[in-house]
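Have a look at the structure below before the remarks.
The values are calculated or read from the model by the stated rules, or taken from the named source; none is laboratory data. Here the structure is a predicted model, which is why all the values come from computation and not from measurement. Cβ sites come from the backbone with ideal geometry, for glycine too, and all protein chains shown count toward neighbours. The protein model used for the area step is the full one, side chains on, heavy atoms only, and it has no ligands, DNA or RNA in it. Shrake-Rupley method; radii C 1.70, N 1.55, O 1.52, S 1.80 Å.
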Amino acid sequence: MAASPVCLYAGSLVPLELLAHCPTGARTVDTARLTLDEIVAEMVSAHAGGLDVARLHSGDPSVFSAMAEQMRRLDAAGVPYDVTPGVPAFAAAAASLGRELTVPTVGQTVILTRVSGQATPMPPGEDLATLGASRATIVLHLAVQRIDDVVAALVPHYGADCPAAVVAYASRPDELILRGPLSTIAAQVHAAAVKRTAVIVVGQVLTALNFPDSHLYSPTRPASPRLAS
């Protein structure tokens, strides 16, 4: 950002304080109300003028960022780019909760998903009822506005007493953490008026205590053979 005279940022998600890293006089564009074509046009125009562009996403661009659509258009326009990884919301939320999402013998699979709502429809077989049948730890992005539907879809598989948490604005000064069983988490979300920028986490890993240490660090683990020098 500090080296780019143009910065496109998602104003509805990105803290404005981050723009302080832009160079003096930089052109900053809030993309919250722009179409994808308008966003790409800004990047193509800047590139044509010999200007580097910082496209600032929230979290990590590999998950629910619309990065794929932007790269497809940039490729077609012959505009080079590179991707800088960030901290995904699910990882920031887990850190704030003080929990590991993959606990030995409790949960070794994490599902990252969302619900359709007003967004692009989910592919066949990726509805919550189907994914929930695995009883794996599940993390939902972009779904807190439909918390009642989420709970209704997951309770039949996870049970009403399954641990759940909602983390809004994870890792930010205004972070908010809600915890409780599936049966109460929706009411907490409504009471706290959480509407966006939050992830929902459901699974036994959230409260697991009596689990064995990882085999990786066990003294009974066979020693790896040494390679001859």
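Out of the residues in region 134-149 meeting the condition of being in a loop (DSSP other than H, G, I, E, B), touching a helix residue (DSSP H, G or I) at 6+ places or on another chain (Cβ under 9 Å) and open to solvent by 20 Å² or more (accessible area, probe 1.4 Å), tell me which one is nearest to Q188 (Cα to Cα).
My answer is R135.
Looking at region 157-169, can you tell me whether even one residue there is at pLDDT 95 or above, out of contact with any strand residue (DSSP E or B) (no Cβ under 8 Å at 6 or more places or on another chain), of a type in the set (A, V, I, L, M) and open to solvent by less than 20 Å² (accessible area, probe 1.4 Å)?
No; the residues of region 157-169 include none that is at pLDDT 95 or above, out of contact with any strand residue (DSSP E or B) (no Cβ under 8 Å at 6 or more places or on another chain), of a type in the set (A, V, I, L, M) and open to solvent by less than 20 Å² (accessible area, probe 1.4 Å).
For region 170-180, which positions are touching a helix residue (DSSP H, G or I) at 6+ places or on another chain (Cβ under 7 Å) and open to solvent by 60 Å² or more (accessible area, probe 1.4 Å)?
Passing the criteria: S171, E175, L176.
Could you figure out which of (1) closer than 26 Å to A198 by Cα; (2) modelled with pLDDT of 95 or more; (3) acidic (D, E) isn't true of D82?
The single condition D82 does not satisfy is (1).
Looking at region 59-79, which of its residues are farther than 20 Å from V14 by Cβ, assigned to a loop (DSSP other than H, G, I, E, B) and touching a helix residue (DSSP H, G or I) at 6+ places or on another chain (Cβ under 8 Å)?
The answer is V79, and nothing else.
Among the residues of region 150-174, write down those that are assigned to a helix (DSSP H, G or I) and within 13 Å of I185 (Cα to Cα).
Those that are assigned to a helix (DSSP H, G or I) and within 13 Å of I185 (Cα to Cα): V150, V151, A152, L154, V155.
Within the group V110, V29, V79, V115, which residue is among the aliphatic types (A, V, I, L, M) and closer than 30 Å to F211 by Cα?
Answer to the selection: V110.
Restricting region 181-215 to residues that are open to solvent by 20 Å² or more (accessible area, probe 1.4 Å) and small (G, A, S), which is modelled with the lowest pLDDT?
S214
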